[in-house]
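Beneath this line is the structure, given in structure tokens, with notes to follow.
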Amino acid sequence: MLTGAGISTDSGIPDFRGPQGVWTRNPTAERQFTYQAYLSDPELRLRSWQTRLEHPARSAEPNPAHIALARLAGTVDTWVITQNIDGLHQRAGSPTDRVLELHGTLSLAACVGCGDRSPMEAVLDRVRAGEADPPCPRCGGILKSATVMFGQALDRAVLAAAVRAAAECDLMLAIGSTLMVEPAASLCAVAADAGATLIIVNRDPTPYDDLATEVIREPIGTAVPRIAGQITAAPAARCRQPS
């Protein structure tokens, strides 16, 4: 499974490029996700910490699509490759060691200097206590969420694992992604080139629709549970069981 922001909208987390997306409603918000701007602009960091305090992912719950994929993992050998930072796949029950977070996680804070990581909630407690831009307690460096911003490279090990999973799969479901952000989107081509069936579940057209065996425009909250049920019910010979 390759999942994007669209799988989490039913959990109350807005996507980025949809009609009510974060960047659609406020195009300047993209600057908060740009690494060099974050490092060089103290005022932007202050706004970013306030945004993290109010981020809907902190109170969101997994929706039927997350839950369906987690249940599927109990029957079929699956990997979840996600562009999301909300942790909802793991909270729904997908095995943590089978979820590859390409863009990192909002649950941890990371120092851009020494690389130290700590629970995000502990850092947010410092913000609530009056530290508008809390420094790293270890080296005094700049803290940010442990997410990949524009201008930052993906974690090589995570990306390599994702490429390997895509190249070895029988079926790839691309769910709720515009498939416009690379290199994540190109995993669809990796899977298709290796002979896998590619099914895209997304409201709007994507650049990879021509590679797909099927493109489904049905709402994700109903489409994914239906598809997961069909896979689970398939003859055992068509599904690789978890080892």
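Each reported figure results from applying straightforward, stated rules to the coordinates on display, with no laboratory input. Since the model is a prediction, treat every value here as computed from it, not as a measurement. Ideal geometry is used to build each Cβ from the backbone, glycine not excepted, and the neighbour counts take in all protein chains shown.
Just checking, does the stretch 40-57 include any residue being among the charged types (D, E, K, R), touching a residue at least 40 places away in the same chain (Cβ under 8 Å) and not in a helix (DSSP H, G or I)?
no
Within the stretch 49-85, can you find the residues that are within 18 Å of residue 224 (Cβ to Cβ) and of a type in the set (Ser, Thr, Tyr)?
Scanning the stretch 49-85 gives 75, 78, 82.
Take the stretch 61-88 and flag every residue that is more than 21 Å from residue 170 (Cα to Cα) and either in a helix (DSSP H, G or I) or touching an Asp or Glu at 6+ places or on another chain (Cβ under 6 Å) (or both).
Within the stretch 61-88, 63, 64, 67, 88 qualify.
Conditions: (1) of a type in the set (Gly, Ala, Ser); (2) touching a strand residue (DSSP E or B) at 6+ places or on another chain (Cβ under 9 Å); (3) closer than 22 Å to residue 72 by Cβ. Residue 185 meets all but one. Number of the miss?
(3)
Residue by residue through the stretch 109-140, note down the ones that are surrounded by 16 or more Cβ atoms within 10 Å (Cβ to Cβ) and not in a loop (DSSP other than H, G, I, E, B).
Those that are surrounded by 16 or more Cβ atoms within 10 Å (Cβ to Cβ) and not in a loop (DSSP other than H, G, I, E, B): 109, 110, 111, 118, 120, 123, 124, 126, 127.
So residue 131 passes all but one of these: (1) in contact (Cβ under 8 Å) with a residue 12 or more places away in the chain; (2) over 17 Å from the mean Cα position of the chain (by Cα); (3) within 20 Å of residue 107 (Cβ to Cβ). Which condition number does it fail?
(1)
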